[in-house]
Amino acid sequence: MTAKFMATHDEEGIPNIAMISTTTPWDDDHLIFGDFLMWRTKRNLEAGSPVSVSVLANDLRWYEVRGRFLGFERSGEKFDAVSTQDLFRYSAIGLLRAVGTIAADEVYCHRLRALSTATRWLWTRIAARPPTGTSEAQRINPIVAGVFSARNAAKFLAVSRNDHIEQLPVLELRPVGESYLALRPDLPLSKGDIVAISAVTPDLKAFQIKGKYVGVKRCGPCRFGYVKITTVLSQTPPLVSHEVPADSETIQNP
């Protein structure tokens, strides 16, 4: 019951990050996951994208595995192992199509500090304002804004590098105004980076926002990094990968 995210990029280097809750270790060197309502992630993997998988534990430790996608299997031991997960055993729509394998090349372990994480979230909530001198972008739906503002939401950001894709936890992130996200200013991002950010709450409301990092800007006595929103996507079945319009009053959830 931990938050697990898989990041890939398309042929143009645009990152995509999705909650893939079926991801599990196979042995000391490989992860496996179920092909279930995967669209952009599957397309990117089959096109040869590098892959990053992150998991956030309840004690605020987070782990990232960077590696290579080895392919899908539609039968065999791996398929049988994933098919026994509750998602596929008890869900009427939980039809497992295939099981993918990721070879782990690099593994990173980090730990977030609860006090500093809470302080950053509170400070972003109190002090962050939309950046001045920038044009408006895609407006964010209020329901999506609520998920990305939630204190208990798991939030990870993905950014493409030359030969890999990197993930970063951004628990303090929250929307400001209608078209921007504010986050801590010390992230290893450069102005102009295209990023993808996924957020999921304990009740499994999940969305993805894509945008451009516009840099660090001062807001009164504080400094924040800002992402200009370009696309908002649902990650909740059955509307996975559907774009979320800004004026929708309701969004279908399980």
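The values are calculated or read from the model by the stated rules, or taken from the named source; none is laboratory data. Computed from a prediction, not measured in an experiment: that's the story for all the values here. Here the Cβ positions follow ideal geometry from the backbone for every residue, glycine too, while neighbour counts run over all protein chains shown.
When the stretch 176-221 is filtered for residues that are more than 29 Å from Val240 (Cβ to Cβ), of a type outside the set (Gly, Ala, Ser) and in a strand (DSSP E or B), the ones remaining, listed by number, are Val216, Lys217, Arg218, Cys219.
Matching residues to (1) hydrophobic (A, V, I, L, M, F, W, C); (2) surrounded by 13 or more Cβ atoms within 10 Å (Cβ to Cβ); (3) in a helix (DSSP H, G or I):
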{"site": "Ile17", "(1), (2), (3)": "yes, yes, no"}
{"site": "Arg43", "(1), (2), (3)": "no, yes, yes"}
{"site": "Arg68", "(1), (2), (3)": "no, yes, no"}
{"site": "Thr101", "(1), (2), (3)": "no, yes, no"}
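Tell me whether the stretch 25-37 contains one or more residues that are modelled with pLDDT under 95, assigned to a strand (DSSP E or B) and under 20 Å from His242 (Cβ atoms). The answer is no, given that none of the residues of the stretch 25-37 is modelled with pLDDT under 95, assigned to a strand (DSSP E or B) and under 20 Å from His242 (Cβ atoms).
Against the definition (part of a helix (DSSP H, G or I) and of a type in the set (D, E, K, R)), how does Arg129 come out, yes or no?
no
Taking Ser135 as the residue in question, decide whether it is outside any helix (DSSP H, G or I), within 30 Å of Ala246 (Cα to Cα), small (Gly, Ala, Ser) and at pLDDT below 90. Spell out how you get there, then give the answer.
Numbers: outside any helix (DSSP H, G or I): yes; within 30 Å of Ala246 (Cα to Cα): yes; small (Gly, Ala, Ser): yes; at pLDDT below 90: yes.
Yes, satisfied.
May I ask you to verify whether Ala81 is surrounded by fewer than 18 Cβ atoms within 10 Å (Cβ to Cβ), assigned to a helix (DSSP H, G or I) and aliphatic (A, V, I, L, M)? Criteria met by Ala81. For the stretch 185-207, the candidate set comprises residues that are over 11 Å from Met19 (Cβ atoms) and hydrophobic (A, V, I, L, M, F, W, C); within that set, the residue that is surrounded by the most Cβ atoms within 10 Å (Cβ to Cβ) is Ala196.
Arg151 meets the stated requirement of being surrounded by fewer than 22 Cβ atoms within 10 Å (Cβ to Cβ), assigned to a loop (DSSP other than H, G, I, E, B), modelled with pLDDT under 90 and under 17 Å from the mean Cα position of the chain (by Cα).
Scanning the stretch 50-66 for residues being modelled with pLDDT of 90 or more and either over 30 Å from Arg111 (Cβ atoms) or part of a loop (DSSP other than H, G, I, E, B) (or both) gives a total of 1. Which of the residues that make up the stretch 208-220 are surrounded by fewer than 23 Cβ atoms within 10 Å (Cβ to Cβ) and within 15 Å of Arg40 (Cα to Cα)? Residue satisfying the conditions is Lys210 alone.
If you go through the stretch 227-237 and keep only what is touching a Leu at 6+ places or on another chain (Cβ under 7 Å) and either assigned to a strand (DSSP E or B) or within 21 Å of Gly13 (Cβ to Cβ) (or both), you end up with Val227, Ile229. Looking at the stretch 168-184, can you tell me whether even one residue there is exposed (fewer than 15 other Cβ atoms within 10 Å of the Cβ) and either modelled with pLDDT of 90 or more or in contact with a Gly (Cβ under 7 Å, 6 or more places away or on another chain) (or both)? No, the stretch 168-184 has no match at all.
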